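Working notes for the structure below.
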Amino acid sequence: MVPALAHAAPVAPNHENKSAVQDAALLRDAAPGVKQAAEVAAPVAADAPAGDAPVAAPAPAPFGLQNLPPEIANPLAQAEATLKDLQQKMAPAAAVRPTAGVISSGFGARWGTMHYGIDFADAIGTPIHSVMGGTVLDAGPAQGFGLWVRVKQDDGTTAVYGHVNDMYVTRGQRVNTGDVIATVGNRGDSTGPHLHLEIWDAAGTKEDPLPWLVSKGVIMQQQWGPDQ
């Protein structure tokens, strides 16, 4: 008896097989494009960190120097921080100009008497800024000044603002450098609208406000008047 030969019966095409054949053809035709996309994406994937590996922080840029290697940038950054800390400890307290008006009269003898401050000529109602932070000692009437504001400043000195028109602070109030505390006026013994500024040292001695302001970093340039 001759054994029967097994024959592979052809598979009748159906809708699913037809779709598979079409998909295979599409993949074959798209193979060059897929290969190109893979080649383009490969470098990007190679640069990406693997998994959850931490990304190294960029090196600091001390003194504004960019692109320094870490072994140089890190010691320089520490040196820069040390210098800034020393500057903050040694620098004089910050101060500001009380008004933008020009100096119409300076400290010293004037018209046969002693002028114990400097005058800033400005329009009535011009804001007056506290030249330094401190605590308000007085805000009210004062002989010769009409109205004044006195501030005990953080460096131990006292600032006196005379002939003011309006007052925006009260006794015991804390003010910061640059705060508006009053406005320029023409009250008391005054020949025109201006701010009269005095600086008293810790012992109450009246000193020239001009070099005091300059020592605090305030630029003082505009000056005119009978004693200039």
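Please determine, by comparing only the residues of the stretch 96-122 that are surrounded by fewer than 19 Cβ atoms within 10 Å (Cβ to Cβ) and not in a loop (DSSP other than H, G, I, E, B), which one is farthest from the chain's Cα centre (by Cα).
So the residue we want is Thr113.
Does Gly162 count as of a type in the set (Gly, Ala, Ser), at pLDDT below 95 and within 19 Å of Thr205 (Cβ to Cβ)? Let's see the steps before the verdict.
Values: of a type in the set (Gly, Ala, Ser): yes; at pLDDT below 95: no; within 19 Å of Thr205 (Cβ to Cβ): yes.
Spelling it out, it is not the case that Gly162 is of a type in the set (Gly, Ala, Ser), at pLDDT below 95 and within 19 Å of Thr205 (Cβ to Cβ).
Restricting attention to the stretch 193-228, and to residues there that are touching an Asp or Glu at 6+ places or on another chain (Cβ under 9 Å) and of a type in the set (Gly, Ala, Ser), which single residue is modelled with the highest pLDDT?
Top of the filtered list is Ala202.
Give, as residue ranges, the strands (runs of 3 or more DSSP E) completely inside the stretch 123-221 that count at least 3 residues that are in contact with a Pro (Cβ under 7 Å, 6 or more places away or on another chain) and surrounded by 14 or more Cβ atoms within 10 Å (Cβ to Cβ). Explain how you work it out, then say what you get.
Values: elements: 127-129, 134-142, 146-153, 158-162, 180-183, 194-200.
It comes to 194-200.
What about His129, is it in contact with a His (Cβ under 9 Å, 6 or more places away or on another chain), at pLDDT 90 or above and of a type outside the set (A, V, I, L, M, F, W, C)? It would help to see each step written out before you state the result.
Details: in contact with a His (Cβ under 9 Å, 6 or more places away or on another chain): no; at pLDDT 90 or above: yes; of a type outside the set (A, V, I, L, M, F, W, C): yes.
The answer is no for His129.
The values are calculated or read from the model by the stated rules, or taken from the named source; none is laboratory data. Predicted model, so just to flag it, every value in this text is computed and none were measured. Every residue, glycine among them, receives a Cβ derived from its backbone with ideal geometry; neighbour counts consider all protein chains shown.
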